[in-house]
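Each remark here refers to the structure printed beneath this line.
The values are calculated or read from the model by the stated rules, or taken from the named source; none is laboratory data. If you're wondering where the values come from, they're calculated on a predicted model, not measured in any experiment. Glycine gets a Cβ as well: all are built from the backbone with ideal geometry, and neighbour counts include every protein chain shown. Side chains included, ligands, DNA and RNA excluded: accessible areas come from the protein's heavy atoms. Shrake-Rupley method; radii C 1.70, N 1.55, O 1.52, S 1.80 Å.
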Amino acid sequence: MTNPVNMKRRLAALLVVLPLALGSCSSQDPQSPETSAESAAPAPDGDDSQIDGLEDLDSKVAAIEEQTNTQIGFSLYDGTHATNAGSGGALPAWSTIKVPIALTALEHCDDRDFVVEQTTAAIDWSDNDAAFALWRCIGSDEEASRLVGEEIATSGVSVHVEPAFGTTTWPIPAQARYAQHLASIPADNPVIQEMHKIDAEHSYGLGTIADMPFKGGWSDADDGSFHVRQLGFFTADGTDYGIAIAARSLLGSEQDCHDALDQLAALLTSSDLQLRAKDKPVLPGHADSEHAENAEHAENTEHAENAEEPAGTDDKENAAAAEGAEDAGADTENS
């Protein structure tokens, strides 16, 4: 039976826009994010990765697109170079925008306890009401748009943040740059802490990677397609990486998007980036659980049969040696 709390969270996360801003649209070219004055030269595009396991990334991602019937976006940024792949174009930010919103609220809102409480809901299980409360705490729509945009611009790439913040166009490479910036924020920051505690229901894709702080966003779109995207960060060999991945199903399949992101995450864990997949819990009634129970039963049966059998030559010799040691006053320990 579906947990009604999880269902409520899921329905909340699927909201496309807030009621007060249904008519908003971006004034920026979705394919050409504005670069801030602080930005260095744009990182080169392409799949010419020097990371073992990510060579020929374009063909690997194309294969995933074909298998899952999705359009994919992939960008890995190490501070100087971006490795990009996939046929997916720019997408709305959806709930990934809640990370910079929460960080902005933490800086500009007076009631820290309130911000931390709402951040837990907005990040952990992607609660829209909590995100809107943080947005309102920052100020008016104009103020919040400006300040959240300034937060994103700390990564060197500017994004025009819409009042209906989930509809903000945030290109995948630009988001990877912001994700890489997140690695420089202290680990005890409440937003970063919550990115380590995403609800298990949303732990696909980057959520399958151990110790990966991340945040996802997802929604159906007006054209009937479904979008799922995630951003996260990690450190390998002293280098901070930002990762942004996304999938669009033109058939409107959320599961196909999940499958695509799972396979992208598998590319990362099979590479030379020192990442590993999370151990999958064995659920009751699952085949693996049944095998484990059968193995345990067989082991117990074998122990019981051995206990009933007469002691063999080795057992008699060990027993005699133990008895002699005991008589001599020595401690005997069974192995």
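None of ALA85, ALA130, ALA121 is surrounded by 24 or more Cβ atoms within 10 Å (Cβ to Cβ) and either closer than 14 Å to LEU231 by Cα or modelled with pLDDT of 95 or more (or both) except ALA85. Could you check the range 236-275 and list, in sequence order, the residues that are closer than 20 Å to ALA63 by Cα, open to solvent by less than 50 Å² (accessible area, probe 1.4 Å) and in a loop (DSSP other than H, G, I, E, B)? Residues satisfying the conditions are GLY252, SER253, SER271.
Taking the criterion of being in contact with a Gly (Cβ under 7 Å, 6 or more places away or on another chain) and either closer than 21 Å to THR154 by Cα or in a loop (DSSP other than H, G, I, E, B) (or both), the residues of the range 197-215 that qualify are ILE198, MET212, PRO213, PHE214.
Scanning the range 175-196 finds one or more residues that are surrounded by 17 or more Cβ atoms within 10 Å (Cβ to Cβ) and not in a helix (DSSP H, G or I). Somewhere in the range 108-130, is a residue part of a helix (DSSP H, G or I), out of contact with any Pro (no Cβ under 8 Å at 6 or more places or on another chain), within 17 Å of LEU182 (Cβ to Cβ) and not β-branched (Val, Ile, Thr)? For the range 108-130, residues part of a helix (DSSP H, G or I), out of contact with any Pro (no Cβ under 8 Å at 6 or more places or on another chain), within 17 Å of LEU182 (Cβ to Cβ) and not β-branched (Val, Ile, Thr): present.
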